[in-house]
Amino acid sequence: MNEGAVNVAIVGTGVIGAGWATHFLAQGFAVTATDPGDGAESRLRKWIDDNWPAAGRLGLAKGASRQNLTFTTDVGTAVRHADFIQESGPERLDVKHTLIATIESAAKADAIIASSSSGLSVSDIQTGARHPERIVLGHPFNPSHIIPLVEVGGGRLTSPENVAKAIAFYTATGKKPIRIDKEVKGHIANRLQVALWQEAISLVQRGVASVEAIDAAIAYGPGLRWALLGPFLNLHASGGPGGVTHVLQHLGPAQREWAKDLGTCPESDEYIESIAKGVEAELTPYDFTEMLRQRDELLIQLLEAKRNLSQIP
Ligand SMILES: NC(=O)c1ccc[n+]([C@@H]2O[C@H](COP(=O)([O-])OP(=O)(O)OC[C@H]3O[C@@H](n4cnc5c(N)ncnc54)[C@H](O)[C@@H]3O)[C@@H](O)[C@H]2O)c1
């Protein structure tokens, strides 16, 4: 792909597609978006307007402009000239199959098709495709115009070259792609989140602490350092001069015991009411819309600060 003249197509402009559209417009690319939903174009343009100040803070490339967005309700028209297609349609395999078939009927044979799918495997998505070798996973995190992580991987029929191309492309746009070497349900980051949520729910159910206390345990505890270094480097830091080897030898046996006591995933929806009540109680003194605005503001400040620290990976 020639970085100077990249045409990007966004297929599906819901929460995630709108974030991607903002990101690629901010990179100075021509973006063509498509979505059949009622009012999709005006909703998308409003989202991009709302997201644009954040994109500006993170840095607009030369020539970046919201004017570079074209909208069409026709998927074929949207992808015809695209070098990179970010599929962000509904999370249903049958819909993804129909979308891939429509995309392939009009797209260039070597255009990369990256799916934002949170839970479907690329191997399943690429079944029946004409050029399955160019279908990759490009899984972002919400808000996708701010959070740098993109999980990239291939299915059984994806060529490793195209996974590498997608990684290089996302990197060039300022994202932080990671490669998934082997397909697993839910990819990586969401599995880590699910492990934590499973235990958080269990602690509430067992009466160990309130929803609010558990949120504080993360937001004022390990969550602060997890935004800077991942779980393994933090473990290494906890080991003093002996690093990760020492800490695992020292605390590993106790951790294995705690692991035996961790909660399992609830079998039914009965837990939801108590969690929802806990969240409602925690939010009572706050305005949630303003909370999210302030969260995004802090996220941007954190990303800006991290960029200036040479020894933070
Ligand atoms: N919401 C998240 O936090 C999140 C995070 C990462 C990845 N994802 C993934 O991103 C994808 C989109 O999720 P979302 O949350 O933006 O969903 P969403 O419901 O907000 O948006 C989906 C959009 O697809 C549109 N659509 C329906 N049929 C279509 C078609 N034939 N062609 C084009 N567009 C069509 C809908 O009108 C809608 O606007 C899913 O695969 C999801 O798993 C979501």
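Observations on the structure shown:
- Peptides 66-73, 282-289, 35-42 ranked from most to least packed give 66-73, 35-42, 282-289, packing being the mean of other C-beta atoms within 10 angstrom over each peptide's residues.
- Approximate spin-label separation Glu183-Leu60, in nm, with each point projected 7 Å along Cα-to-Cβ: 4.0
- In sequence order, calculated HN-Hα J values of the stretch 38-48 (Karplus, 6.51, -1.76, 1.60; Hz; x Gly/Pro): 4, x, 4, 5, 5, 5, 4, 4, 5, 4, 5
- As a fraction of the 1.4 Å probe accessible area of the chain, surface on carbon and sulfur atoms comes out at 58 percent.
- Using C-alpha pairs under 8 Å with a sequence gap of at least 6, the mean separation divided by the residue count of the stretch 91-197 gives a relative contact order of 24 percent.
- Computed from point charges on the beta carbon alone (+1 for Lys and Arg, -1 for Asp and Glu), the dipole magnitude for the stretch 121-255 about its Cα centre is near 300 Debye.
- Normalised contact order of the chain, rounded percent, pairs of Cα under 8 Å and 6 or more residues apart: 13
- For the stretch 120-229, chymotrypsin sites (Phe, Trp or Tyr not before Pro) are listed when DSSP marks them as loop and at most 14 other Cβ atoms sit within 10 Å of their Cβ; the list is Tyr220.
- Among Glu257, Glu297, Glu104, the largest mean-square fluctuation in a Gaussian network model of the chain (Cα springs under 10 Å) belongs to Glu257.
- Computed from point charges on the beta carbon alone (+1 for Lys and Arg, -1 for Asp and Glu), the dipole magnitude for the stretch 194-302 about its Cα centre is near 620 Debye.
- Å² of accessible area per residue within the stretch 3-179, as computed with a 1.4 Å probe and no ligands counted: 41
- Selected from Leu157, Leu203, Leu292 as most flexible by GNM, with the chain as the system and alpha-carbon contacts under 10 Å: Leu292
- Our estimate of slack between Ala281 and Thr264, defined as 0.36 nm per intervening residue step minus the Cα-Cα distance, is 3.6 nm.
- In this simple spin-label model, placing a label point 7 Å from the Cα along the Cα-to-Cβ direction at both Ala172 and Ala101 gives a separation of 3.3 nm.
- Pairs from the list Lys165/Lys260; Lys175/Lys260; Lys182/Lys306; Lys62/Lys176; Lys96/Lys175; Lys62/Lys165 with a Cα-Cα gap above 32 Å: Lys165/Lys260; Lys175/Lys260.
- Dimensions of the chain from C-alpha coordinates, computed as largest minus smallest value along each principal axis and given longest first, are 57, 46, 44 Å.
- Fluctuation leader among Arg156, Arg80, Arg225 - the chain, Gaussian network, Cα springs under 10 angstrom: Arg225
- Simple rule: put +1 on each Lys or Arg Cβ and -1 on each Asp or Glu Cβ in the chain, find the dipole, and look at Leu120, Pro132, Phe288; the Cα lying farthest toward the positive end is Pro132.
- Candidate cross-link partners of Lys46 among the aspartates and glutamates, defined by an alpha-carbon separation under 16 Å and a same-chain spacing of 8 or more, comprise Asp35, Asp38.
- Over the residues of the chain, the helix contribution to mean residue ellipticity at 222 nm works out to -15500 deg cm²/dmol, using -39500 (n - 2.57) for each DSSP H run of at least 4.
- About the centre of its Cα atoms, the chain shows a dipole size close to 1040 debye [charges on the beta carbon of Lys, Arg (+1) and Asp, Glu (-1) only; nearest 20 debye].
The values are calculated or read from the model by the stated rules, or taken from the named source; none is laboratory data. Keep in mind that what you see is a predicted model, and the values were worked out from it rather than measured. Note that we place each Cβ from the backbone using ideal geometry, even for glycine, and neighbour counts take in every protein chain shown. For the accessible areas, the whole protein counts, side chains as well, though only heavy atoms, and no ligand, DNA or RNA atoms are used. Shrake-Rupley method; radii C 1.70, N 1.55, O 1.52, S 1.80 Å.
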